[in-house]
1. Can you tell me what percent of all Cα-Cα pairs in region A:3-284 are more than 30 Å apart?
2. Suppose we take every Cα in region A:134-237 and form the convex hull; what volume per residue is that in Å³?
3. How large is the helix-only mean residue ellipticity at 222 nm for chain B, computed as the sum of -39500 (n - 2.57) over DSSP H runs with n ≥ 4, divided by its residue count, in deg cm²/dmol to the nearest 500?
4. Counting Lys and Arg as +1 and Asp and Glu as -1, each charge on the Cβ, what is the dipole of chain A about the Cα centre in debye, to the nearest 20?
5. Report, in deg cm²/dmol and to the nearest 500, the calculated mean residue ellipticity at 222 nm for chain A, where each DSSP H run with n ≥ 4 adds -39500 (n - 2.57) and the sum is divided by the residue count.
6. Need the list of lysines near B:Lys195 for cross-linking: C-alpha distance under 19 angstrom, and skip anything on the same chain fewer than eight residues off.
7. Expected output is a single nm value to one decimal: the length gained when fully extending between B:Lys170 and B:Asp87, i.e. 0.36 nm times separation in residues minus the C-alpha distance. What is it?
8. For region B:607-631, list whatever residues lose no less than 10 Å² of accessible surface once every protein chain is in place, relative to that chain by itself, with the probe at 1.4 Å.
Amino acid sequence: MNRSLRICLLLALVGVFRMTASGQADLTKYKERSAAVRSEVWGWKDPAFANKTVPARFSGESCVIMARKALIEADSKRRMDWALASHRNYYYNSTVREMVKINDKASLEEFSQLSYHQFKKLNGWMSGTTTTFVGARIIKPDGSIKEVNTDETVTLNDTKTSRQSKLAISDLQVGDMLDYYVRTEEYSQDYKEPERLIFYFGDDHPIVDFSLHCEIGSKYTVQYTSMNKAPEAKQSTNDDKDVILDIGMKDIPSAPTGFWMSSIRELPAFRLNVLGGGSKPVKDVPLTDVFNTMTYYLVNLDVQTQFQMIRQQMVDIMRATDRDYRKLPEDSVARLAIYAYRFLRYYNKVDNDLEVGEDRNSMDINDYYYLGTLQYTLKHFGVKSTFVTAPYKHGPDIQHIMGVGDMSLLLRVDVDKPFYVSNLNMFSCPNYIPAAVEGQPCAEVRSFKKGDIVGMNAKMPLSTAEENQQQENLQVKLNGADMQLLHVNRHTVLKGKLKEAEQLRLLNFEDCYESERSALHVEKSIMDDLKKARRSKNVSEDYATALKKARESLKDRFKEEISSEFEKDPKDVLAWKVENPGLRSASPDLVYSTEFTVDGLMQRAGNNFILNIGKVVNSPLKLTPSQRTRNVDIYMPYARTLDCSVSFLIPEGYTVQGMDKLNKTTQNGCGSVVTSAQVQGNQLIVHFRRQYKHDQEPAGNWPQLLAILDACTDFADQKVLLKKG
Amino acid sequence: MRRTLPALSLALTLSFAVSKAPLASPAPSGEDSNIVISSKTDRYSFEEGEKDHPVIVRQESKTQYYCSELRSSIAWVETYDNQSRIDGVKVYVNGSRDKSIQPKDEYYSSGDIFYSDARVYYFSLPFVKKGTSDEVDLEKTTLDPRYFTTVYFTEEQPIRQKTVEIVVPKWMHVDIKEMNFAGNRIIKAHQSDDKKGVDIYTYTISNLAAFIKERNSPGPTYIYPHLLILSKYAELKTGRQQYFNELKDQYAWYRSLVLQVNNDAAVMKAKAAEITKGITGDLDKVKAVYQWVQENIRYIAFENGMAGFRPEKAQDVLSKKYGDCKGMANLTKNLLTALGFDARLCWIGTDHIAYDYSTPSMAVDNHMICALNYKGKIYFLDATESYIGFGQYAQRIQGRQVLIENGDSYLLQRVPVTGCEQNEVHSKYDLQLNGSTLSGQVSHVWKGENKEDLLFQANAIHKNKLQESILEFLSRGNSNYVISGVKQDGLENRNTDLSFQYKLVYNNAATVFDNDVYLDPDFRKEFGEADIDTASRHKDYLFDCKGDWITETNIMVPAGYKVQELPTGLDVQRKGYSFSISYKMEGSTLKYRKTIFIKDVHLPRSGFAQWNTDIAQLKKSYLQQITLTHK
């Protein structure tokens, strides 16, 4: 980890991830305060920092965090200003101190610099600052201690609103221990921005002792929870009625693999929210509170105004599609309204930057506004719908939800056969459930009374491996007389969740826009409007140029897709076409074709040739030796199937040998790999089908998954001989 | 030493447009031509200043940009430092002064520089629609003409027309060197205005492509047309103000800065004795000191005003355990001096810079190293090269002119140029075939800069992951490789070669079809993907270093088999590189030998087509298999 990440890690630990902070630096005062903080932190009587003996079990580590302590302090006071107006001042301090044994140059580099904001002014109307102090000392192997001179800090940036600084840790060598801290002191008036913190009891490096101590004043609300077998925090109060929380763990090994891993569901962790406004501390935030907050947000959306802005256009589109749309079945009205609404919100817009390229596909509209207004719109057209929420698959589980941000929002359209609508992106169509929430417990969003229990017995549907399918059909032949250059005509169908990423990469905004405009019978295009409006008519030419450039970029986007799929750059991309963008629930698959040449897969052996057929159909995941053993559960994005058929045109005068090794089946509870090959006429037909049956597997199933991965790797090495004569 | 920032150097040339009418001519082909500089004028005037800055250089620039395709914006950037200041910037958007654009003024930051006093003054310049023009007017002052070193014609955008005017009063003695003018239509005019007492040099250039950033390219001083400004001296009313009239003036200035550094001889003596304790040979002591500095002093780049030219005290670098090139050179020198060696500081421009000391200027050098004069031979020690051995030299300093301190005078020498053998990589495989498995002994040796690169990577890996990483590296991630009994040498020692020996079992190495076995004898295939995309590559290519890659694979053919046909070998011999592949049978041993020599790191664009043809041949060779059949 480099210096910047190191400091970011520390700041992440204490949650100082806001646009913030302070005013003009008074260096004298800063130094005085810095000295006081130094004296205080070095004076901590924590025995963890007295222990200088590295446990034998960690002796082979690059570095060992001997002690890590986080301290969160929050207080507030009311005072009058010069105009006799009453204000509440909030003070929030966070300190992280860490003592690290450095065992090699990689760790030395990681800990050799500290970057931090000495001062920052809080943004906007808020009156407040954050000030950060750092300190460091080196403990040499002989036990001598050398304080790092923080006056050697250099200023990287010094503006009216912030000062960014950097300190090189002097005299740090392999074999030393570095004892350092970062203290951030925040002051704000009348409003305390919420702190939402998560402390993982796990790191890239082992931790001998990790403790957290919080002292939170009575004018704050504290919410907390322990996750994934982390110990429970001890809660108490002091004489000032501050809430005291203490939690710690010892002998924490370095975090396990990051491969197919969810830290937030696997690593022991402690979550802490510190919010302005005093109330009793809350251990394990009740879901009713979260639902009530969601309801509050939804109720207070000004969806009526939002709807009025598009009402006439909605009606026009509905009528243009079907003059008697009100007589249509409810399901059809709902779907038509959803498509019309999506078109108006996502497609029928020109932003200032005239962005119509790949970035346009990632246009983002707040879920609450998008779905809130959609619900109002559906209601206008006589369709009932209900808000539904579920936790994110790779976020905190339902037992450890701490706020609205932990929960997704979807709309269930309550027609005869109800279906969900999400706001994943501009391509989301009715009845599409994003991979991030599928299979999760869910419930309707409504308000609850105290003591109520949120029923989360229902679950979002979970897609199957068959539903998430990548179908590849490759027609391969030699490229003219060149026996070692393959010419590939590829047809790809991406079903279910597999289309999410490729829609963002491959779809051309203009094509999607025109496709939807045509489907919705919208006569006038954006270009017509631009030409017509006096203010914007001169931009229409620019817009046309932007569309042209976006279309020109498609070749590179498809080339990138081919390279990532085959882990090899094509020699040339000859053609590409999106046959179906997958924008509609009636035809939800993303379908495209590509034509390209690729070399390096055909080897010459005298008069014969060897075709590396395995690499034509399959690019297996590569595991490092240490990844072959695993004791944490496996988190994949979703169950899925790759179904690949290759037809290779056997060149005249050659026969194919070696197909026997291509007929194999590996099958177990986690998935399967089934391969076959045969010659039909002058075609070598190879079929490869790989399936991961589930999105998650317990750690105990890792050997079965390894068998699938190994079968893929084995097949990737398979070759056939093209024998002359 | 103060390192040159190419992008910043170019940014120093921002200029000014005289024509208010947008031009419609196309930008130079093959570039993003949306925003072009339709016209720019840059005027630099040497003027008398005040006591602390007797001569200053005023810059007035007007740049007119034209939006030719669609609404957009560009980042407008100007840099300055404590030897210069920005006096004013005016922005005109679509013909009207726009005071709402608030420039930001921040320290320049770059990934490889810990701290720099250079500042960037920047803002986003919007173009409201196609066909509109914006203008930016800049006034800037350089407070010391020694810091006014280059004027580039090239800009971040394509240029249709640009004029550079240098106004030199008769009392100011300046040489203006025209660099890289060949191939560019630059019209020069000289006007002597006796009434005003000035000489005016005017350069006009049309249709110039934009600055392009590409990896492994020669530095901008080699490529882009520019003026090298050599301020020699000024004859002022107050007397003669000396700048860099000759190299001795530049050396004298450098030396004056070095003499200000109070190194603590006692501290150096104690540390040098500690480092060399128990070592008797002179050169062994030198190696020990050199390696100690490489191992224990972290390189951190500082560029801070005068401190950007003055080394930090040796005892401070020793105490902090970090320093920049000047600090590391000064520490190396003082440790060696403390042991009684004749060690000197050296100024040097790396191969990023086209100039040498025949043109005295602060643009000539960007680095500092140490020289050891031992028994009549000079060795150069660059401790910023953390893992290179004693007597070996990095490509970036090879052949470069070195200004070596020598009391009040100086020495000029060149760093030796080494052959590609300095950086040899030698792999040897002695294998037997059994079924489809190859097994046997393998050895690899890395030397010079190739070894340095590997040591750098190895030391960046956490040690608990190092063994796995080494196995990954040796097997190239091939899960069919089973490696055991690894012996290594040189991971801890810069002054020996880095070598690995191990036992290899390579499963599925051969493919068996009926009675025939097909073998690929090359497992690393160096340069197999080294073809250059000539459509996107605009500049010459510089390899990181010269080098030899030698592979010998000996495969014992199993009894009962014979080699049906040996593939055709390869022999490509070019001036700058060569590839050679041969196959032969010696008894029952199949011998495969491959040599790749990169003899010249510079591959000009004119050589790309030949290079690609040759790489295609190499690639074809890599795709050849050997067929073994039953006798």
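The values are calculated or read from the model by the stated rules, or taken from the named source; none is laboratory data. Note that the coordinates shown come from a computational prediction; the quantities given were computed from them, not determined experimentally. Cβ atoms come from the backbone with ideal geometry, glycine included; neighbour counts cover every protein chain shown. Ligands, DNA and RNA are excluded from the accessible area calculation, which covers all protein heavy atoms including side chains. Shrake-Rupley method; radii C 1.70, N 1.55, O 1.52, S 1.80 Å.
1. 31
2. Taking the convex hull of the Cα positions in region A:134-237, it is 185 Å³ per residue.
3. -5500 deg cm²/dmol
4. Details: 95 positive and 94 negative charges, 141 e Å.
So the dipole magnitude of chain A works out to roughly 680 debye.
5. Details: 15 runs with 170 residues, N = 725.
It comes out at -7000 deg cm²/dmol, rounded to the nearest 500.
6. Partners found: B:Lys170, B:Lys237.
7. Numbers: separation 83, 0.36 × 83 = 29.88 nm, distance 2.54 nm.
That works out to 27.3 nm of additional length.
8. Hits at the 10 Å² cut-off: B:Lys619, B:Lys620, B:Leu623, B:Gln624, B:Gln625, B:Thr627.
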